[in-house]
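Peer 1: The structure follows.
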Amino acid sequence: MVDKPKLAKKALDAAHMRYTEQPVLHIELRNTPGALAGLAEKLAARAINITAAYETSVRGAKKASVVFAASDFEKAARIR
């Protein structure tokens, strides 16, 4: 993931490196065991697969930040 996609593409192209692009969703979940599993279950119930995911949190924080790509971006965007 990058915050400046045009610059990243230019650098990767110049280095002859392969890359892919896809939209991702960013959500915040409770920073508790099973919170991500709960989201995954909601997606699975609607036949949506998580194709890539990144999660980060700080010890003691109440929220965890999750960025993920899904097999059906539009449907996944409506699930919370």
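Peer 1: List pairs: first in segment 37-49 and of a type outside the set (D, E), second in a helix (DSSP H, G or I), Cβ under 7 Å, 6+ apart or cross-chain?
Peer 2: Between residues of segment 37-49 that are of a type outside the set (D, E) and residues that are in a helix (DSSP H, G or I), the close pairs are L43/A76; R46/K75; I48/K75; I48/A76.
Residues are listed down the side, and each one gets a yes or a no for (1) surrounded by 12 or more Cβ atoms within 10 Å (Cβ to Cβ); (2) of a type outside the set (S, T, Y); (3) modelled with pLDDT under 95:
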| position | (1), (2), (3) |
| --- | --- |
| Q22 | no, yes, yes |
| N31 | yes, yes, yes |
| L36 | yes, yes, yes |
| I48 | yes, yes, no |
| E55 | yes, yes, yes |
| A77 | yes, yes, yes |
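Peer 1: If you check S71 against the conditions, is it surrounded by 13 or more Cβ atoms within 10 Å (Cβ to Cβ) and hydroxyl-bearing (S, T, Y)?
Peer 2: On the way: surrounded by 13 or more Cβ atoms within 10 Å (Cβ to Cβ): no; hydroxyl-bearing (S, T, Y): yes.
So S71 fails the test.
Peer 1: So, of the residues in segment 58-68 that are surrounded by fewer than 16 Cβ atoms within 10 Å (Cβ to Cβ) and small (G, A, S), which turns out to be farthest from V2 (Cα to Cα)? Quick ask: steps written out before the conclusion?
Peer 2: Kept after step one, since they are surrounded by fewer than 16 Cβ atoms within 10 Å (Cβ to Cβ), are these residues of segment 58-68: 58-63, 65, 67.
Then keep just the ones that are small (G, A, S); that gives 60-61, 65.
Numbers: G60: 27, A61: 24, S65: 16 Å.
Per the criteria, the residue is G60.
Peer 1: What number of residues within segment 2-18 are in a loop (DSSP other than H, G, I, E, B), loosely packed, with under 10 Cβ neighbours inside 10 Å and either within 21 Å of the chain's Cα centre (by Cα) or acidic (D, E) (or both)? Working first, answer last.
Peer 2: Our first condition is that a residue be in a loop (DSSP other than H, G, I, E, B); within segment 2-18, this holds for 2-4, 15-18.
Next, only the ones that are loosely packed, with under 10 Cβ neighbours inside 10 Å stay: 3-4, 15-18.
Narrowing the set further to residues that are either within 21 Å of the chain's Cα centre (by Cα) or acidic (D, E) (or both) leaves 3-4, 18.
Selection size over segment 2-18: 3.
Peer 1: Within segment 19-32, track down each residue that is part of a strand (DSSP E or B) and in contact with a helix residue (DSSP H, G or I) (Cβ under 7 Å, 6 or more places away or on another chain). Quick ask: steps written out before the conclusion?
Peer 2: Filtering segment 19-32 for residues part of a strand (DSSP E or B) gives 25-30.
Of everything in segment 19-32, those that are part of a strand (DSSP E or B) and in contact with a helix residue (DSSP H, G or I) (Cβ under 7 Å, 6 or more places away or on another chain) turn out to be L25, L29.
Peer 1: Here is a further query. For E41, are the conditions met, namely being modelled with pLDDT under 95 and closer than 19 Å to A69 by Cβ? If you could, list the steps in order and put the result at the bottom.
Peer 2: Working: modelled with pLDDT under 95: no; closer than 19 Å to A69 by Cβ: yes.
In short, no.
Peer 1: Consider I48 carefully, then state whether it is of a type outside the set (D, E, K, R), touching a strand residue (DSSP E or B) at 6+ places or on another chain (Cβ under 8 Å) and assigned to a loop (DSSP other than H, G, I, E, B). Spell out how you get there, then give the answer.
Peer 2: Values: of a type outside the set (D, E, K, R): yes; touching a strand residue (DSSP E or B) at 6+ places or on another chain (Cβ under 8 Å): yes; assigned to a loop (DSSP other than H, G, I, E, B): yes.
In short, yes.
The values are calculated or read from the model by the stated rules, or taken from the named source; none is laboratory data. Not measured: the values here are computed from a predicted model. Positions of Cβ are backbone-derived with ideal geometry, glycine not excepted, and every protein chain shown enters the neighbour counts.
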